[in-house]
Amino acid sequence: MNSFGHGGRTSRPKPLPAAQGEKRPPGALSPSARKPAIMQDPVLVLNATFEPINVTAVRRAMVLMIKGVAQAEEIHHTQVHSASRALPVPSVIRLLAYRHIPQQTRALSRKNILLRDRNTCQFCSRTLPASELTLDHVVPRSRGGRSSWENLVACCYQCNNSKGDRTPEEAGIALARRPRPFTLHTSRQLMRLIGNKDEKWRKYLFY
């Protein structure tokens, strides 16, 4: 039977177990101490050699630290409180064991093309939400153009329709930049964009 009676009256809710002294597992965050916004903030990940290799969320970074896989190199002034201790929120972490990172680590996909092109149409230079962008083959597939990093660009629907089944030269439009594979250099550029508000990242990204 639920707590609502037929007369519209509600029964008084029982105290939560935690208020009665229930013990939480060691390290578990109390409901009042959880900070979802903070836990999703970006954290720069360094290899054991201090080379920047990735960006992850605070939550994942703290898991790696608790497991002993990584250590904090830079921290925020914010802390996350558990049942037994206060944990500093990392800004930069470093892996304790060296990880080999392949030259090309990203698959060719719509998401990664938009990421590489920063959600910006490569013909009119407008930055738009992903839902308002498509992919364009610079050399049309009907002309033998391949689906590759060097031939796919982010494009708004208006420019895509205007270009049609033509090359940019035939359509009288120009590319904002030559499309390139998603390289380590590209990743570094994106890391700088993501971390441009955090001064602690600067010395690791060689601005």
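The values are calculated or read from the model by the stated rules, or taken from the named source; none is laboratory data. Note that this is a predicted model, so its numbers are computed, not measured. We place every Cβ from the backbone using ideal geometry, glycine too, and count neighbours over all the protein chains shown. Heads up: the accessible areas ignore ligands, DNA and RNA and are worked out on the full protein's heavy atoms, side chains in. Shrake-Rupley method; radii C 1.70, N 1.55, O 1.52, S 1.80 Å.
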(1) closer than 30 Å to M65 by Cβ; (2) open to solvent by 60 Å² or more (accessible area, probe 1.4 Å) all hold for T127 apart from (1)
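In the stretch 178-199, what residues are part of a loop (DSSP other than H, G, I, E, B) and within 24 Å of S109 (Cβ to Cβ)?
Matches in the stretch 178-199: R178, P179, R180, P181, F182, T183, G195.
Please find, among A18, A107, the residue that is aliphatic (A, V, I, L, M), modelled with pLDDT under 90 and assigned to a loop (DSSP other than H, G, I, E, B).
Values: A18 fails: assigned to a loop (DSSP other than H, G, I, E, B).
One residue alone meets the criteria, A107.
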Which residues, taken from the stretch 152-207, are hydrophobic (A, V, I, L, M, F, W, C) and on the phi > 0 side of the Ramachandran plot?
F206
Some residue of the stretch 200-207 being hydroxyl-bearing (S, T, Y), under 30 Å from N54 (Cα atoms), open to solvent by 60 Å² or more (accessible area, probe 1.4 Å) and assigned to a loop (DSSP other than H, G, I, E, B)
yes
Neighbours by Cβ (under 6 Å, 6+ apart or cross-chain): first from the stretch 73-101, part of a loop (DSSP other than H, G, I, E, B); second β-branched (V, I, T)
I101/I53
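Give me a count of the residues in the stretch 73-93 that are under 19 Å from A57 (Cα atoms) and open to solvent by 40 Å² or more (accessible area, probe 1.4 Å).
At the first step, the residues of the stretch 73-93 found to be under 19 Å from A57 (Cα atoms) are 73-82, 86-93.
Okay, now just the ones that are also open to solvent by 40 Å² or more (accessible area, probe 1.4 Å), so 73, 75-79, 81, 86, 88.
Number of matching residues: 9.
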Within the stretch 100-137, how many residues turn out to be in contact with a Ser or Thr (Cβ under 8 Å, 6 or more places away or on another chain) and of a type in the set (A, V, I, L, M)?
2
Listed residues L175, L115; which is open to solvent by 50 Å² or more (accessible area, probe 1.4 Å), touching a residue at least 24 places away in the same chain (Cβ under 8 Å) and assigned to a loop (DSSP other than H, G, I, E, B)?
L175
Residue list for the stretch 141-157, filter: outside any helix (DSSP H, G or I), open to solvent by 40 Å² or more (accessible area, probe 1.4 Å) and not charged (D, E, K, R)
G144, S147
Just name the residue that is farthest from L108 (Cα to Cα) out of those in the stretch 120-140 that are in contact with a Cys (Cβ under 7 Å, 6 or more places away or on another chain) and either among the acidic types (D, E) or in a helix (DSSP H, G or I) (or both).
E132
